[in-house]
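A short worksheet on the structure shown next.
The values are calculated or read from the model by the stated rules, or taken from the named source; none is laboratory data. Because the structure is predicted, anything quoted here is derived from the model rather than measured. Because the Cβ atoms are built from the backbone with ideal geometry, glycine has one as well, and the counts that use them run over all protein chains shown. Keep in mind that these areas ignore ligands, DNA and RNA; they rest on the heavy atoms of the full protein, side chains included. Shrake-Rupley method; radii C 1.70, N 1.55, O 1.52, S 1.80 Å.
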Amino acid sequence: MEIESVLESNVVDLTSLKTFFASDKDALIQIIQVYISDTEPRIKTLEESLTNIDYTEIKSISHFLKSSFSLMGIKCSEEIAELEKMADRKEEDSLIKEKLNYIIPICKESIVEYKIILQKLEAL
C-alpha cells in the first residue's frame, strides 16, 4: 500500500498534506501525531466552555487551532477564526455556545479520522 492510497478521506481535506508531505511518511506521521496530541486536550477545554464560558481560553485555543486547521484540512477553519473574534469581543454566551456546538463535533470527527489515517501510515 502506498502513501497516496492512505491519504484518502471524506472527513478532512488532505490537499495540503498531500502537497507538502505525500512523499515523506515519517513527516506525515509526526504531523498527524502532533495534531492529535495538541488538539484533543484543547477540544476538551472547548467542551467545558459549553457550561462555563471563558473568553480568554476560547480566544487562545481558537487562535492556536486556526493555523493547524488550515494545514490539516479541518472543515471549520473559518468558523474557528470567527470564534476567536467572538471571544475577543466577549459576545453573548449563547452565540459562543452555538458556534462551539458547530465546531466541536467536526473537530472530534477529524481526530478520529486522523487516528485511522495514522494507523494506516504506521502499518506501511
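Below are the figures for this structure:
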item: Condition check for Thr51: open to solvent by 70 Å² or more (accessible area, probe 1.4 Å), of a type in the set (S, T, N, Q) and part of a helix (DSSP H, G or I); result: no
item: Test for Lys90: is it open to solvent by 60 Å² or more (accessible area, probe 1.4 Å) and assigned to a helix (DSSP H, G or I); result: no
item: Residue ID - modelled with the highest pLDDT, chosen from residues in the stretch 1-39 that are in a helix (DSSP H, G or I) and open to solvent by 90 Å² or more (accessible area, probe 1.4 Å); result: Gln30
item: Condition met for Glu48 (at pLDDT 95 or above and of a type in the set (Asp, Glu)); result: no
item: Candidate set: the stretch 32-54, residues that are in contact with a Ser or Thr (Cβ under 9 Å, 6 or more places away or on another chain) and touching a residue at least 24 places away in the same chain (Cβ under 8 Å); chosen: the one nearest to Val6 (Cα to Cα); result: Tyr35
item: Candidate set: the stretch 68-77, residues that are more than 21 Å from Asp54 (Cβ to Cβ), of a type outside the set (A, V, I, L, M, F, W, C) and modelled with pLDDT under 95; chosen: the one surrounded by the most Cβ atoms within 10 Å (Cβ to Cβ); result: Ser77
item: Yes/no for Asn101 being open to solvent by 50 Å² or more (accessible area, probe 1.4 Å) and either modelled with pLDDT of 95 or more or in contact with a helix residue (DSSP H, G or I) (Cβ under 6 Å, 6 or more places away or on another chain) (or both); result: yes
item: Subset of the stretch 16-63 that is in contact with a Phe, Trp or Tyr (Cβ under 7 Å, 6 or more places away or on another chain) and hydrophobic (A, V, I, L, M, F, W, C) - its residue that is nearest to Lys85 (Cα to Cα); result: Ile36
